[in-house]
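To start, the structure under review is shown below, and the notes come after it.
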Amino acid sequence: MIKFLDLQKINACYAQELKQAADRVIDSGWYLMGKELASFESDYNEFCKTGHTIGVANGLDALRLILKGYIELGIMQKGDEVIVPANTYIASILAVTDNELTPVFVEPNINTFNLDASKIEAAITPKTKAVLTVHLYGQISIDQQMLDICDKYGLKLIEDGAQSHGAQWHGKVSGALGDAGGHSFYPGKNLGALGDAGAVTTNDEKLSLAIRALANYGSHKKYENIYQGLNSRLDEIQAAFLNVKLKYIQEDIAGRRKVANYYLEHITTPSIVLPEVIHEDGHVWHLFVIRTKNRDKLQKHLLDQGVQTLIHYPIPPHKQEAYKEYKDLHLPITEQIHKEVLSLPISAVMTDAEIEQVVKSLNCYND
Ligand SMILES: *Cc1c(COP(=O)(O)O)cnc(C)c1O
């Protein structure tokens, strides 16, 4: 069986260094807010070519804290609207509603799966304060049109970079393309910890200071609290693991691109629509997502051929029980995407034989 993602094999590549990192933290006697975090923040900041990086507990918190920071700075207030792609993982939306802001769902482009900038302007109202764009499946979702609209209407541009570590656009890196970026280091992400971790990146110093305090009970100085904050810290042990894995991220991206390019060139099944790539640098292939009308039939065919696949995602946020108030929205492109998508195995540890096997299994599918 070709696994969808073999995390054990991925982390085995770094096992010795990861164990040394764990030993270093255990022996140090210092488990939070120490040298490992400082070192990761500094190196990740350099990797993203941004001004400030704040390590936090997970990717959802990173996004929640960005919006909370803007609220504390008086740039947004409860009830304001944030434009979001209708087609995303629910965490992007949870960050908005958790801050009592209102998500305004805009349809994606069906071929790139990313927010369609040409549809943003029609969704803007006097309450709109930000666009939260998601670089879904690892591909940059920002274009000049989106930047121009944010500029014209004075909107903050927030990036959900949970799936796009290292993706680039005109030499700038995911997380440094807008006003602030949220990052996730969930184990299955391209840059994955061995537990939960996340980060915020921004060039806005005021926002960075607010977020640093908010993530630490609202405290900027020990026992002095300027905000009603939360506890959202990136543990030393996870930071130590991330310090190891960050060194190899470019190799990981190159490995994923190799698999993706092989799939793009060799999958020829007429009933399968391949993902559109805007620019090679702009995609880091967190997921390789195809579309097909009879998705469940294809998934079963692949399973019979020994290829495990997943669906990202089966139910769009506006159709989730948690968001009953949005269930009647008319979002046909998003709904079609959620019915038709299937994610193929992709990672830097797949063997050539496995990559070829996936393609053979697809090319013998009749529909
Ligand atoms: C994984 C993910 C998140 C949340 O990250 P966590 O670290 O799991 O909280 C947010 N947005 C997107 C698009 C994601 O894929």
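Report, by residue number, each residue of region 51-87 that is within 11 Å of the ligand (Cβ to nearest atom), under 25 Å from L234 (Cβ atoms) and of a type in the set (S, T, N, Q).
N58
Looking for something surrounded by fewer than 22 Cβ atoms within 10 Å (Cβ to Cβ) and either modelled with pLDDT of 95 or more or of a type in the set (A, V, I, L, M, F, W, C) (or both) - is there at least one such residue anywhere in region 58-68?
no
Tell me, please, whether a residue that is of a type in the set (V, I, T), under 19 Å from the mean Cα position of the chain (by Cα) and part of a helix (DSSP H, G or I) can be found in region 277-291.
Among the residues of region 277-291, not one is of a type in the set (V, I, T), under 19 Å from the mean Cα position of the chain (by Cα) and part of a helix (DSSP H, G or I), which makes the answer no.
Got at least one residue in region 6-25 being in a helix (DSSP H, G or I), of a type outside the set (A, V, I, L, M) and within 16 Å of the ligand (Cβ to nearest atom)?
Within region 6-25, none of the residues are in a helix (DSSP H, G or I), of a type outside the set (A, V, I, L, M) and within 16 Å of the ligand (Cβ to nearest atom).
Does D296 count as within 23 Å of the chain's Cα centre (by Cα) and surrounded by fewer than 20 Cβ atoms within 10 Å (Cβ to Cβ)?
For D296, the condition - within 23 Å of the chain's Cα centre (by Cα) and surrounded by fewer than 20 Cβ atoms within 10 Å (Cβ to Cβ) - is not met.
Looking at region 88-113, which of its residues are within 16 Å of the ligand (Cβ to nearest atom) and farther than 21 Å from G198 by Cβ?
F105, V106, P108, T112, F113
Has region 294-304 got at least one residue that is in a helix (DSSP H, G or I), touching a Phe, Trp or Tyr at 6+ places or on another chain (Cβ under 6 Å) and not aliphatic (A, V, I, L, M)?
Among the residues of region 294-304, at least one is in a helix (DSSP H, G or I), touching a Phe, Trp or Tyr at 6+ places or on another chain (Cβ under 6 Å) and not aliphatic (A, V, I, L, M), which makes the answer yes.
Just to check your reading of the model, which residue among Y153, Y137 is surrounded by fewer than 20 Cβ atoms within 10 Å (Cβ to Cβ) and of a type outside the set (G, A, S)?
Being surrounded by fewer than 20 Cβ atoms within 10 Å (Cβ to Cβ) and of a type outside the set (G, A, S) holds for just one of Y153, Y137, which is Y153.
Which of the strands (runs of 3 or more DSSP E) found entirely inside region 49-147 contain at least 1 residues meeting this: closer than 27 Å to E335 by Cα and either in contact (Cβ under 8 Å) with a residue 24 or more places away in the chain or not small (G, A, S) (or both)?
81-85, 102-106, 128-134
The values are calculated or read from the model by the stated rules, or taken from the named source; none is laboratory data. What you see is a predicted model, and the numbers here were worked out from it, not measured in a lab. When we count neighbours, we look across all protein chains shown, and the Cβ atoms used for this are built from the backbone with ideal geometry, even at glycine.
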